[in-house]
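**Q** Can you read through this structure? Questions will come right after.
The values are calculated or read from the model by the stated rules, or taken from the named source; none is laboratory data. Here the structure is a predicted model, which means the values were calculated and not measured. When we count neighbours, we look across all protein chains shown, and the Cβ atoms used for this are built from the backbone with ideal geometry, even at glycine.
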Amino acid sequence: MIELPTLGWQSIVILVVFGVSLLIATYCTYAERVIAAFLQDRVGPDRAGPLGLLQPLADAVKLFTKEEFFPAGANRALFIMGPCLAMITALMSSAVIPFGNVIQFGNNVFNLQGIEVNIGMLWIFGIVSLGVYGVMIGGWASNNKFSLLGAIRAGSQNISYELAMGMALIAVLMISGTLSLREITLQQSVAGEWHFWNIVKQPLGFIIFLVCAFAETNRTPFDLPECETELVGGYHTEYSSMKMGLYLFSEYVNVFVASAVMSVLYFGGFNFPFQYELRDWFVNSQGWALTSAQNLISVVGLLGLFGKIFAFIFFFMWIRWTLPRFRYDQLMRLGWTILIPLAIFNILLTGGLILGGIIK
Amino acid sequence: MQSLSNRAKKLEVKPMTLAERAYLPAIFQGLSITMRHFFRAATKKQITIRYPEEQRPFSPIFRGLHVLKRDEAGRERCTACGLCAVACPAEAITMVAGERKKGEEGLYREEKYAVSYEINMLRCIFCGLCEEACPKAAVYLQADKMAPPRFERDEFIYGKDRLVEPTAPDARSARGIQLTPEQAAALAQRMAQQSA
C-alpha cells in the first residue's frame, strides 16, 4: 500500500535523484576533461572559477547560445524527439536504484530509493533498451548518411551486447532469486552471517557485464556510433546547440546509471564491510538508540555507494583515454562469438556451483 | 627476392598466444601506463607553462623589440646618421634628421637629432644589424620584450613615442624597457670607448 507520506517521500527522492543525476552528468564533463588531461600529462580546464570548477556552467552557456540548426530535409519533429528520448530514458532508469538503506524518523520508515519495485532489474533493462530509440530516431531524422550509419551501428551494437549483458545478469539472478535491486543488495550482506559481495561469486559474469556496459553506454572502446574517424560525428553529426548537449548529457547519465547498477549488482550496493558490527558498537558501547545508529549506517552506506559509483565513473574515463576504438567487425566478433558463449558458460558454471552447494 | 646487403631481417608472424587473444593482459598493461601518467600529473610539478601567468624565460641573446637609448644625462643618443637604416636588410627603418636648436641641449646629445624615427615591426626581421651599425650606441634590441600582436597594420609602425626610452625610471619599468646585464655591460663598454 502506498500511503501519503510514502508518496511524498518518493517524490522528494525522485526529484533529488533527478537533480543528482544531472549534477553528476554535468561534472562528468569536467571530470572527463581533467582526467583526460592528467592521463596525458596536460593541465585540463582550469580557467573558469577555482580549479576550473565553473567550466560546466560555461559549457552550458555556450551550448544554449549556439545556433539551433535544422538540416534541410530533416524530419523536424523526430529530429527534436531524438535527443529528448535519449535524455528521458537515461534519467528514468535511475528511479529504481536503491541508493541507501532505510532511514527512520519516529514511526515513519523511509527507503533511500525512488521506487521500490520487485522487477527493478527488468525496469532498468527495459528503459535502457528504449534508449537506443533516441539514437536511432535522431540519426534517421537528420537526413544524413553519416548520421544514419552511426544510428544503425548504435542499434546493432546495443542489441548485440544486450544479449550478453542479460545472460551475465541471469547468473546473478540465479544466485539471488529476485529481480528487486533492494533485495539483491540486502542479500549481499546479512547481519550476523559472513556474506560476500556478488563479485566474489561472479567474477566472470562481472567482466562480461562490465564490457557490455561499455558497449551499452557507447563509450570507448565501443564508441563506434559516434566514430569521428569514419562517420564525422556519427548519429549526432547534424546536431547543434542544446540538442547536441542533451545527447552528450544522456551519455554521462547512462554512465552514471551503469556505474550504479554495477555497484549494486556486484559490489554490494550501499553495504560496506563491518556495518553491522559498527551499528552494534554504537548501540552497545556508545548507548545510541538502534534507529539513530541504523540511520547513521544508512547515510554512510549512501556515501559508500556514491564512492563506488564515482570509482566506476573514473574507470569508464580511465578506459576511454587508454584504449583505442575497436573496428566494427572486431566489435561484432567480440560480442557474438566471445561474450555470449562466455555468458552461457557462466550460467552453466553458476548452475553447477549452486547444485554442488558451493555458492548460494 | 634475395637481400643484397644481408641486413634484412626475416619477420615471423607468430600466431597470438591465448593471453594476447584474451586482450585483458594488454588492457591492464595499458591501464597501468596511463595511471602512472595520471599520478605523475597529479603529484609532480606539471610541465605545462600557464602562459599569461608564467612565462618561458627568454634566451640571454634574444633580440626583441627595439629601444632608442638615452645617455646618462637623459639626452637622446641618436644623431640620425642613418647607418642603421642603411644596415637594415629589411629596410624597416626610416628617419628624418633635424638640427638641434638652442636650448635643446638637455634633450639631444648631438647637434643633429632624429625628428622622427620609425621602425616597421612587420618588416623587421630582428637581425640586430642596426644595433651593430649604430656608432652612438643608441638603438638596442631588448632581450625581454617582443613586439605584441595588433589588429591594424599601421599600429606596427613604431614611432619615437614608443621607441625612445622613457626618462623616469618608473615609467621605464612600466613599459618594460630595460637592458639585460649583458646589454648594460656592452653599453658601458662602448661608452667608455667613446669617451676615450
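**Q** Please enumerate the residues belonging to the range A:54-76 that are closer than 25 Å to A:Gly139 by Cβ and of a type in the set (Gly, Ala, Ser).
**A** Taking the range A:54-76 as the starting set, the residues that turn out to be closer than 25 Å to A:Gly139 by Cβ are A:59-60, A:62-64, A:66-76.
Matches in the range A:54-76: A:Ala60, A:Ala72, A:Gly73, A:Ala74.
**Q** Here's another thing I want to ask about it. Can you name the residue in the range A:262-273 that is out of contact with any helix residue (DSSP H, G or I) (no Cβ under 6 Å at 6 or more places or on another chain) and in contact (Cβ under 8 Å) with a residue 60 or more places away in the chain and is also nearest to A:Thr185 (Cα to Cα) among such residues?
**A** Taking the candidates together, the pick is A:Gly268.
**Q** Name the single residue, out of those in the range B:43-65 being surrounded by 11 or more Cβ atoms within 10 Å (Cβ to Cβ) and either assigned to a helix (DSSP H, G or I) or within 16 Å of the chain's Cα centre (by Cα) (or both), that is nearest to the other protein chains (Cβ to nearest Cβ).
**A** B:Phe58
**Q** Tell me which residues, restricted to the range B:108-141, are of a type in the set (Phe, Trp, Tyr) and assigned to a strand (DSSP E or B). Show your work before the answer.
**A** Filtering the range B:108-141 for residues of a type in the set (Phe, Trp, Tyr) gives B:108, B:113, B:117, B:126, B:140.
Residues satisfying the conditions are B:Tyr108, B:Tyr113, B:Tyr117, B:Tyr140.
**Q** Restricting to the range B:4-40, name every residue that is more than 29 Å from A:Ile207 (Cα to Cα) and either facing chain A (nearest Cβ under 10 Å) or in a helix (DSSP H, G or I) (or both). Steps first, please.
**A** First, pick out the residues of the range B:4-40 that are more than 29 Å from A:Ile207 (Cα to Cα): B:4-13.
Those that are more than 29 Å from A:Ile207 (Cα to Cα) and either facing chain A (nearest Cβ under 10 Å) or in a helix (DSSP H, G or I) (or both): none in the range B:4-40.
**Q** Across the range A:112-160, what is the total count of residues that are surrounded by fewer than 23 Cβ atoms within 10 Å (Cβ to Cβ) and in contact with a Ser or Thr (Cβ under 6 Å, 6 or more places away or on another chain)?
**A** Number satisfying all stated conditions: 5.
**Q** Same structure again: Within the range A:216-228, take every residue that is more than 12 Å from the chain's Cα centre (by Cα) and part of a helix (DSSP H, G or I) and give me the one that is surrounded by the fewest Cβ atoms within 10 Å (Cβ to Cβ).
**A** A:Glu228
**Q** Still on this structure, I have one more. Given the residues A:Ile24, A:Ile35, which is the only one that is under 24 Å from A:Glu251 (Cα atoms), surrounded by 14 or more Cβ atoms within 10 Å (Cβ to Cβ) and away from every other protein chain (no Cβ under 14 Å)? Quick ask: steps written out before the conclusion?
**A** Values: A:Ile35 fails: away from every other protein chain (no Cβ under 14 Å).
When all the criteria are applied, what remains is A:Ile24.
**Q** Another question, then. I'm trying to understand the selection: among the residues of the range B:16-29, which are of a type outside the set (A, V, I, L, M, F, W, C) and either touching a helix residue (DSSP H, G or I) at 6+ places or on another chain (Cβ under 9 Å) or at positive phi (or both)?
**A** Initially, the range B:16-29 is screened for residues of a type outside the set (A, V, I, L, M, F, W, C), giving B:17, B:20-21, B:23, B:25, B:29.
Listed by number, the residues that qualify are B:Glu20, B:Tyr23, B:Pro25.
**Q** For the list (1) in contact with a helix residue (DSSP H, G or I) (Cβ under 6 Å, 6 or more places away or on another chain); (2) at pLDDT below 90; (3) surrounded by 14 or more Cβ atoms within 10 Å (Cβ to Cβ), I need the number of the one condition that B:Cys84 fails.
**A** (2)
**Q** What is the residue count in the range B:112-166 for residues that are hydroxyl-bearing (Ser, Thr, Tyr) and surrounded by fewer than 18 Cβ atoms within 10 Å (Cβ to Cβ)? Break it down stepwise before answering.
**A** Quick first cut of the range B:112-166, residues hydroxyl-bearing (Ser, Thr, Tyr) only: B:113, B:116-117, B:140, B:158.
Of the ones still in play, those that are also surrounded by fewer than 18 Cβ atoms within 10 Å (Cβ to Cβ) are B:116.
Number of matching residues: 1.
**Q** Could you tell me whether any residue of the range A:204-218 is among the hydroxyl-bearing types (Ser, Thr, Tyr) and in contact with a Lys or Arg (Cβ under 8 Å, 6 or more places away or on another chain)?
**A** Narrowing the range A:204-218 to residues among the hydroxyl-bearing types (Ser, Thr, Tyr): A:217.
Checking the rest, the ones that are also in contact with a Lys or Arg (Cβ under 8 Å, 6 or more places away or on another chain) come to none.
No, the range A:204-218 has no match at all.
**Q** Can you find a residue that is in contact with a Ser or Thr (Cβ under 9 Å, 6 or more places away or on another chain) and in a loop (DSSP other than H, G, I, E, B) anywhere in the range A:229-236? Give the steps one after another, and end with the answer.
**A** Our first condition is that a residue be in contact with a Ser or Thr (Cβ under 9 Å, 6 or more places away or on another chain); within the range A:229-236, this holds for A:231-236.
Right, trim to in a loop (DSSP other than H, G, I, E, B) and you get A:232-233.
Scanning the range A:229-236 turns up at least one residue that is in contact with a Ser or Thr (Cβ under 9 Å, 6 or more places away or on another chain) and in a loop (DSSP other than H, G, I, E, B).
**Q** Give the residues of the range A:49-70 that are crowded, with 16+ Cβ neighbours inside 10 Å and either in contact (Cβ under 8 Å) with a residue 24 or more places away in the chain or within 14 Å of another protein chain (Cβ to nearest Cβ) (or both), sorted by residue number.
**A** Quick first cut of the range A:49-70, residues crowded, with 16+ Cβ neighbours inside 10 Å only: A:52, A:55-56, A:59, A:63, A:70.
If the condition is that a residue be crowded, with 16+ Cβ neighbours inside 10 Å and either in contact (Cβ under 8 Å) with a residue 24 or more places away in the chain or within 14 Å of another protein chain (Cβ to nearest Cβ) (or both), then A:Gly52, A:Gln55, A:Pro56, A:Asp59, A:Leu63 are the ones that fit.
**Q** Check off (1) more than 12 Å from A:Asp41 (Cβ to Cβ); (2) surrounded by fewer than 10 Cβ atoms within 10 Å (Cβ to Cβ) for B:Glu20 and give me the number that stays unchecked.
**A** Just one mismatch for B:Glu20, condition (2).
**Q** Further, regarding this structure: For the range A:287-339, how many residues meet the condition of being assigned to a helix (DSSP H, G or I), farther than 30 Å from A:Phe274 by Cβ and within 14 Å of chain B (Cβ to nearest Cβ)? Outline the logic, then answer.
**A** If we filter the range A:287-339 for residues that are assigned to a helix (DSSP H, G or I), which is where we start, we get A:290-320, A:328-339.
Now narrow it down to the ones that are farther than 30 Å from A:Phe274 by Cβ: A:317, A:319-320, A:328-339.
The next check asks that each one be within 14 Å of chain B (Cβ to nearest Cβ); those that pass are A:317, A:319-320, A:330-331, A:333-335, A:337-339.
Matching residues across the range A:287-339 total 11.
**Q** Looking at (1) out of contact with any Asp or Glu (no Cβ under 9 Å at 6 or more places or on another chain); (2) over 15 Å from B:Cys81 (Cα atoms); (3) modelled with pLDDT of 90 or more, find the lone condition where B:Asn120 falls short.
**A** (1)
**Q** Now for a separate question. Of (1) away from chain B (no Cβ under 14 Å); (2) in contact with a helix residue (DSSP H, G or I) (Cβ under 9 Å, 6 or more places away or on another chain); (3) under 18 Å from A:Ala151 (Cβ atoms), A:Phe256 satisfies all except one. Which?
**A** Exception for A:Phe256: condition (3).
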